[in-house]
Structure formats: C-alpha cells, structure tokens
Amino acid sequence: MTVLTVLLVITGVLLGVAALLVLLRMTLGPTMLDRAIAFDVLIAISICAIAVEAAIDRNAETMPLLLVATLLGFVGSVSIARFSPGSDDVEAEESDNPENRARGVRPQRERERSLRERSLRARRMNR
Amino acid sequence: MTLTDVADIVAGILLIAGALLTVIAAIGLLRFPDLLTRMHSATKPQVLGLLLVVAGLALRLRDPSATAILLLVAVFQMVTAPVASHMAGRAAYRAGQVRKDLLVADELGDAIPRLKESLRDSRGAP
C-alpha cells in the first residue's frame, strides 16, 4: 500500500460524502431548479469518481465515459431550466416576438384552444 | 525517489484537492438559503474541482491520448457550465423563485418592466 493509494482512498471517501450531501439537497428540493443545480453537481462528482477509479487502476478505458457525462449533465440541466414550470419562457418568447406575430405563429394557449375546438367539432359531426 | 513517483504524489494531492472542493460545495449546497447562493457554491466542483481532478488524472496516467480526451473534458465543462447556470438563474428569476430580500443589487428588476414597455410601444396598443 503506497502513499498514493492512501491518498486516493481518502479522495474516494470525500467524494462519497459529497455525493450523499448533494443527494440530500436533491431530495429536499424545494424547487425543480434546485434539483437541476444539484444534478449538475452530482454529475461533476461522478466524473471525479470515475477519474479517481481510473487513477487507482491506471487504466485509460473509462476516458470516453467522462466526455459523455460532461455533455449529459449540460443537456439535462439546460432542458430542465428551459421547460421549468412557472418561468413562462417558451410561451412568452413566442408571443412577445414581433417577427413571430407577423409570421402567424400563435402562442401556445391559443393553439391549444383551437385544437380543442377542432376535436369538439369533429365529434359533433360524427354523431 | 524517481520522477514518476513525484508525478504520482502530485497527482494524488491534486485529486484530493478536487475532492475537498466537492465536499465544500456539497455543504454549501445543503446550507445556503436560496437558489442563487446555491448556484454560487455549485460552480466550485464544476470548474475548479474538475480541472484539478483532470490535471491529477493526466499526471497519473501519463498517456498522450488519454491527456487529449481529458483536455476535451475540461474544455467542454468550462464552455457548458456557464450556459447551464445562466439558464437556471434566468428561469428562477422569471419564475419568482429568487429571494429578493437577500439581493444586494437587483438590476434585472428594473430592466424587465422597461423591456416590456418598449415591446408594447413597438407593437402598438395591445
């Protein structure tokens, strides 16, 4: 057991403690965005954990996994933030943008209403 | 004590420094009161912690192809982390999930009504 192995085992324990605390924050919330941030940190911790495992074994086979995890964390947290309830992002941009108005892009709510009316009409005709 | 031994020890120190940063960030994430302050602590392992760990691993592996991939990991993380944080902070502010009593300066609070006004003017009366 060399000095390096001792250092790496301590590193693993520290990462485990950090992951546990982040998991606690993910469970407590309270909002979806808090969980998105915690998810980002959890991905960073798991990248560190994979790196420590590679350092212990001295194998470079898990390197592509690090790359995939980086991009996965980015896509995950951005999509949660983009479509989080209450932020009104998508709808506000569609209706506020004058170009969209000119092109005839309608806001989500209007589109949903017209879809509902169309299905109601179709049902009436079938009768 | 050869050069590889020294490299191994330096790698171990870098890895342990990165792990310490993640623990500090996790404590901050658990104890800070609102989303923006939590984001402040969340960036530590995402950029500096990951850079330390990646540098340590590159020193331990001492393999050019692995170093190239690790460099790519570091670059991707440094490019994508600010974008993700910006999206989260923006969504939180718009949803009103930011504690205004904790803010020192609130420039966006002045900017949003002005933006809405200019949009209304350019489009004519609603």
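The values are calculated or read from the model by the stated rules, or taken from the named source; none is laboratory data. Treat the numbers as computed from the prediction; the structure is a model and nothing was measured. In this analysis, Cβ positions are derived from the backbone assuming ideal geometry, glycine residues included, and neighbour counts consider all displayed protein chains.
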| query | What number of residues within region B:76-88 are more than 7 Å from chain A (Cβ to nearest Cβ) and buried (at least 19 other Cβ atoms within 10 Å of the Cβ)? | reply | 2
| note | In region B:2-16, residues that are facing another protein chain (nearest Cβ under 9 Å) and small (Gly, Ala, Ser) total 2
| So B:Ala19, is it within 21 Å of A:Gly76 (Cβ to Cβ), within 8 Å of another protein chain (Cβ to nearest Cβ) and touching a Ser or Thr at 6+ places or on another chain (Cβ under 8 Å) | no
| Listing of helices (runs of 4 or more DSSP H) fully contained in region B:1-75 that carry 3 or more residues being more than 30 Å from A:Pro30 (Cβ to Cβ) | B:3-31, B:50-61
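This table checks each residue for (1) over 21 Å from A:Leu8 (Cα atoms); (2) buried (at least 16 other Cβ atoms within 10 Å of the Cβ); (3) at pLDDT 90 or above.
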site: B:Thr4; (1), (2), (3): no, no, no
site: B:Gly12; (1), (2), (3): no, yes, no
site: B:Ala17; (1), (2), (3): no, yes, yes
site: B:Ala25; (1), (2), (3): no, yes, yes
site: B:Thr43; (1), (2), (3): yes, yes, no
site: B:Val53; (1), (2), (3): no, yes, yes
site: B:Thr67; (1), (2), (3): no, yes, yes
| request: Filter region A:37-70 for residues that are surrounded by fewer than 19 Cβ atoms within 10 Å (Cβ to Cβ) and at the interface with chain B (Cβ under 8 Å from one of its Cβ atoms) and give the result. | output: A:Arg58, A:Ala60, A:Pro64, A:Leu67
| message | If B:Val73 satisfies all but one of (1) crowded, with 20+ Cβ neighbours inside 10 Å; (2) more than 12 Å from the chain's Cα centre (by Cα); (3) among the hydrophobic types (A, V, I, L, M, F, W, C); (4) more than 7 Å from chain A (Cβ to nearest Cβ), what's the number of the condition it fails? | response | (4)
| field | Residue match in region B:91-111 (condition: buried (at least 22 other Cβ atoms within 10 Å of the Cβ) and in a helix (DSSP H, G or I)) | value | yes
| Could you list, in sequence order, the residues of region A:3-33 that are exposed (fewer than 14 other Cβ atoms within 10 Å of the Cβ), at the interface with chain B (Cβ under 7 Å from one of its Cβ atoms) and at pLDDT below 90? | A:Val3
